[in-house]
Amino acid sequence: MNYYIAVFSSITLANKLKKHFQYDGSFMALMHAPTSIPMNGCAYCLRFREEKLNDVMEAANRFDIPIKAIYREMPNHAYQEYRIS
Amino acid sequence: MIYLDNAATTRHKPKSVLKAVENELKNSANPGRSGHNCSLKSSERIYNARKVLGDLFHIENIEDIILTPNATYALNFGIKGILSEGDHVITTSMEHNSVLRPLHALSGISVTRVKADCYGFVEPAWIEAEIKPETKLIVVNHSSNVTGSIQDICTIGQIAKRHGILFMVDASQSAGVLPIDVNEFQIDLLGFPGHKGLYGPQGTGGLYIRPGLNLKTIIEGGTGSESSLLNNPDFLPDKLESGTLNTPGFYGLSKGVEYVLKEGVSNILSYEHFLLDLMKETLYNMEQVTVYGPVDSKRQTGTLSINLNGMDSGVAANILNDDYHIAVRSGFHCAYPAHETIGTEKTGTVRVSVSAFTKEKEVKKFLEAIHKMSKTKI
């Protein structure tokens, strides 16, 4: 099972998108973004399964919630950036 | 104690507010700082507070709501954040010191204070007549904390928009009592307290900022975001929310706002008007009592100023407290120009203010007390 994280500049925005998916019955974990991810320090992210990736990007676009970056979780707690087109 | 000082703060809160504050105090965590479940839960509560405030004021992007310790901080953030040297501001003689003092403190700006009539009303045309090329901001108190007079912010907002001027509303006495739609009223900045008509705890308030407006920061510090940068983040709400929020307070406030939404702003207002009319019917017929402010209760929120002729307002308030266990506020109510406007700059007034929780029998007891006091020679 592959997981992705969408990183936001503010916890408010992360919560905003999480709420949208909650209404949908989908649970997304809100968590502190790993410090290895270059985000000028502290940031929050939503963690979700790969099959939700398009839904996340589409919802963020629709509700005007800017995503700073998306990363794919790799083995050993590494993260690979996913280019948002 | 019969509490009739709700314009200062509402004493009686919905039970849900008390439970929420207690719950958060027992399960405290700092929202927007850590990643553990406790912190995330607290952050959800803060999010919900913004959400319900957004519902109340018809604010779409809830990140445009900055949470503050009270309306004074909100108004200061707005006024000092938006104005620069050379700007001209139009305001009214009915403003509270939380608007007048920051305007006075800012150097390099000019302020025109439009005088209201003896009932506390400012005609929108009087404001428009003072507009100059350098006018940057119009700041208006939606409802006076001295007389309850309601200003026509819908028309004033239209005037501001027409002239390309920013419009700020002080909703300290109107939030939760009068319908406020930031879009319909063309409001660019809205400052409000959480602890009055929104029935939240003290230590809560907020400032709505129209999208696209760029305010300078007044306070910088930890925001839980972009920590490696020395500047505050440039996005809202983080930019203007440094330091730990009053999470128990805002969780409580969210319940207060839910109460207001459930009861309905118009129903709360109707009830307050009923109580005002009950008071005025009797007070207008008392020879020794002067009633200030609007004659038509529909043009005011649940606040009334009176004086007992020949009795100092402070003495009157003390007698009400000591002999009748009735809480009111006397003096100048942090709004001296409003008293100059209604002619009470030497005496101040006794201010009576109701809430959704004020009982009819409490108002009747107050009227009995005033009746007895009006027969007393001091």
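The values are calculated or read from the model by the stated rules, or taken from the named source; none is laboratory data. Please read all numbers here as calculations on a predicted model, not as lab measurements. In this analysis, Cβ positions are derived from the backbone assuming ideal geometry, glycine residues included, and neighbour counts consider all displayed protein chains. Please note that ligands, DNA and RNA were not included when accessible areas were found on the heavy atoms of the full protein model with its side chains. Shrake-Rupley method; radii C 1.70, N 1.55, O 1.52, S 1.80 Å.
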Report summary line: Nearest 10, in degrees from 0 to 90: the angle of helix B:153-162 to the longest Cα principal axis of chain B is 50
Report task. Note down the accessible area of A:TYR82, probe 1.4 Å, to the nearest 10 Å². Result -> 70
Query raised in the report: In debye, nearest 20: dipole of the protein assembly as shown around its Cα centre with unit charges on the Cβ of K, R (+) and D, E (-)?
Result: 940
Query raised in the report: Toward the positive end of the charge dipole of chain B, about the Cα centre and with charges on Cβ (Lys, Arg +1; Asp, Glu -1), which of B:TYR251, B:HIS339, B:TYR324 goes farthest?
Result: B:TYR324
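Averaged per residue, what accessible surface does the range B:32-151 expose to a 1.4 Å probe, in Å²?
Numbers: 4350 Å² over 120 residues.
Normalised by residue count, the accessible surface of the range B:32-151 is 36 Å².
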Query raised in the report: In percent, what relative contact order does chain B have, based on Cα pairs under 8 Å that are 6 or more apart in sequence?
Result: 24
Query raised in the report: Put simply, what bits of the range B:9-49 lose 20 Å² or more of accessible area when the other protein chains are there, versus the chain on its own (1.4 Å probe)?
Result: B:GLY32, B:ARG33, B:GLY35, B:LEU40, B:SER43, B:GLU44, B:TYR47
Report task. Express as a percent, rounded to the nearest 5, the fraction of DSSP beta bridges in the protein assembly as shown (both residues included) that run antiparallel. Result -> 65
Report task. Would you work out if chain B is rounded, prolate or oblate? Take a ≥ b ≥ c from the square roots of the eigenvalues of the alpha-carbon gyration tensor; rounded if a/c is under 1.5, else prolate when a/b is larger than b/c, oblate otherwise. Result -> oblate
**Report entry** Helix B:360-374 axis, angle to chain B major axis (alpha carbon atoms, nearest 10°)
**Finding:** 50
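Which order do you get for B:PHE250, B:PHE235 if you rank them by accessible area with a 1.4 Å probe, largest at the top?
Working: B:PHE250 5, B:PHE235 35 Å².
Correct descending sequence by accessible area is B:PHE235, B:PHE250.
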Query raised in the report: Separation of the range B:208-237 and the range A:2-80 by C-alpha centroid, Å?
Result: 21
**Report entry** Accessible area expressed per residue, chain A, with surrounding protein chains retained (probe 1.4 Å, Å²)
**Finding:** 54
Report task. Rank A:ILE5, A:MET31, A:MET74 by how far each Cα sits towards the positive end of the charge dipole of chain A (+1 on Lys, Arg Cβ; -1 on Asp, Glu Cβ) and give me just the farthest. Result -> A:MET31
**Report entry** Surface share of carbon and sulfur [accessible, 1.4 angstrom probe, percent] for the protein assembly as shown
**Finding:** 48
Requested in this report: Note the angle between two axes, namely the Cα long axis of helix B:37-57 and the longest principal axis of the Cα atoms of chain B, as a number of degrees from 0 to 90, rounded to the nearest 10.
Outcome: 50
Requested in this report: Give, rounded to the nearest 20 debye, the magnitude of the charge dipole that the range B:26-185 has about its Cα centre when Lys and Arg contribute +1 at Cβ and Asp and Glu contribute -1 at Cβ.
Outcome: 660
**Report entry** Of B:LYS15/B:LYS375; B:LYS161/B:LYS216; B:LYS51/B:LYS361; B:LYS255/B:LYS280; B:LYS298/B:LYS361; B:LYS115/B:LYS280, pairs whose Cα-Cα distance is over 30 Å
**Finding:** B:LYS15/B:LYS375; B:LYS51/B:LYS361; B:LYS255/B:LYS280
Query raised in the report: Where the centre of each part is set by its Cα atoms, how far does the range B:1-76 sit from the range B:338-358, in angstrom?
Result: 29
Report task. Considering only B:THR349, B:THR72, B:THR223, give the residue with the highest GNM mean-square fluctuation for chain B, with springs between Cα atoms whenever their separation is below 10 Å. Result -> B:THR223
Query raised in the report: For the range B:113-122, in order, what is each residue's ³J(HN,Hα) by Karplus, 6.51 cos²θ - 1.76 cosθ + 1.60 with θ = phi - 60°, in whole Hz (x at glycine and Pro)?
Result: 9, 7, 7, 7, 7, 5, 8, x, 9, 10
Query - Solvent-accessible area buried by pairing A with B, both sides, nearest 100 square angstrom, 1.4 angstrom probe - result: 1700
